[in-house]
1. Based on the Cβ-Cβ distance from R218 to E196, what FRET efficiency comes out when R0 is 35 Å, to the nearest 0.05?
2. Rounded, prolate or oblate, given the Cα gyration tensor of the range 23-190, with a/c below 1.5 counting as rounded?
3. For E187, what charge total do you get from the other residues with a beta carbon under 15 Å from its beta carbon, if Lys and Arg give +1 and Asp and Glu give -1?
4. Figure the gain on full extension for K72 and R36 (residue separation times 0.36 nm, minus the Cα-Cα span) and round it to one decimal in nm.
5. Starting from 0.36 nm per residue, how many nanometres of slack lie between M258 and F186 once their C-alpha separation is accounted for?
6. Measuring from label point to label point, each 7 Å out along Cα→Cβ, what is the T108 to Q26 span in nm?
7. With r defined as the distance between the Cβ atoms of E243 and E145 and R0 fixed at 56 Å, what FRET efficiency is calculated, to the nearest 0.05?
8. Rounded to two decimals, what ratio of Rg to Rh does the range 146-214 give with C-alpha atoms and a Kirkwood Rh?
Amino acid sequence: MKTPKPSSKERIQPRSPVGTVEALGQSEAFLEFEERLSRVAPVNRPVLLIGERGTGKELAARRLHYLSTRWKGPLVALSCSALTPSLIESELFGYERGAFTGAERRRTGRFEAADGGTLFLDEIGNIPMEVQEKILRVVEYGTFERVGSSESVEVDVRIIAATNADLVALAEGGQFKQDLLDRLSFEVLFLPPLRERKEDTLLLANHFAARMAFELGREEIPQFSDEAVAALESYSWPGNVRELKNLVERAVYRSDSMLIGDIVFDPFRSPHWGHRPPQEEDHMVEADTPSIEDLMDKPFKEAIRELEIRLLQRILQRTKYNQRKAAQALGLTYHQFRGLYRKYIKEIE
């Protein structure tokens, strides 16, 4: 029995597996993103999704697939950050028997598995340069060779890639192939962070609360107190929708009442310390940060230079090298931050 193609209404919210955050929102930023996604979905070209952690890049990739003409074909995903560089190539392209120690039989890769459908490459910035070359060939010619083989394999695959890294900066620094970036960026979609979707915070919170109550077997739908609503709407949500989901579900299961008033934003806050324990990397950064006394012994320009370098190193570590978040944390525009970053790129790296 053939699966009927979903209607336009059903396609607005495609079914998703348990644990996937639904595409819900009414804010201008969210609706604008959804409109752009819907427009490019039927176009058989690569799409690059850029967004912070927790903004729903995988969900956006699923929507792109199911709104495309390839919706009957397979949707295959690979998290490039979950594999070592040596494994990524064999995972993507497969290998022949005897290609390396332990290769006892031929294995097909993700590209072959996605033939006729879509391949979602999450955290594509982690792919090594030599593998990027092979991906570029697939994008351009639709062919590749398995590891340990010289036989060409033809595939028809649409690539959707996602990252929270600055691929332009990586390409400028020689860490990402400019040709591949050009081919993957037919359309670049920026997922709006939750802090730019203030109107959606309570909508999503109520959705997650109702779903958690249902999962716990509770008959009533939880409500948030005025204080809780104010706290939710004023928070900056560095972990975005994923963080909101975890926070709300935690609040519902901990509450003995249907009125939720206690909102715990930091689950690592210890009742003994009063805050989460300091991280080892924080000690390392602070130990390496120059003191005022150290800087006073240096010429003014040299002291300012050293302070700027250390400040950039520290904020990049804290933001996991997400340059847009680093710029925001420093109160700079992205272009101002990029100028400062380029100025000290050799010292920072």
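None of the figures in this text is laboratory data; all of them are computed from the coordinates on show. In this text, all values refer to a predicted model and were calculated from it rather than measured experimentally. Neighbour counts run over all protein chains shown; Cβ positions are idealised from the backbone, glycine included.
1. E between R218 and E196, to the nearest 0.05, is 0.60.
2. prolate
3. +3
4. Taking K72 through R36 to full extension adds about 10.8 nm, to one decimal.
5. The span from M258 to F186 would gain 21.1 nm if fully extended.
6. 4.6 nm
7. The calculated FRET efficiency here is 0.85.
8. 1.20
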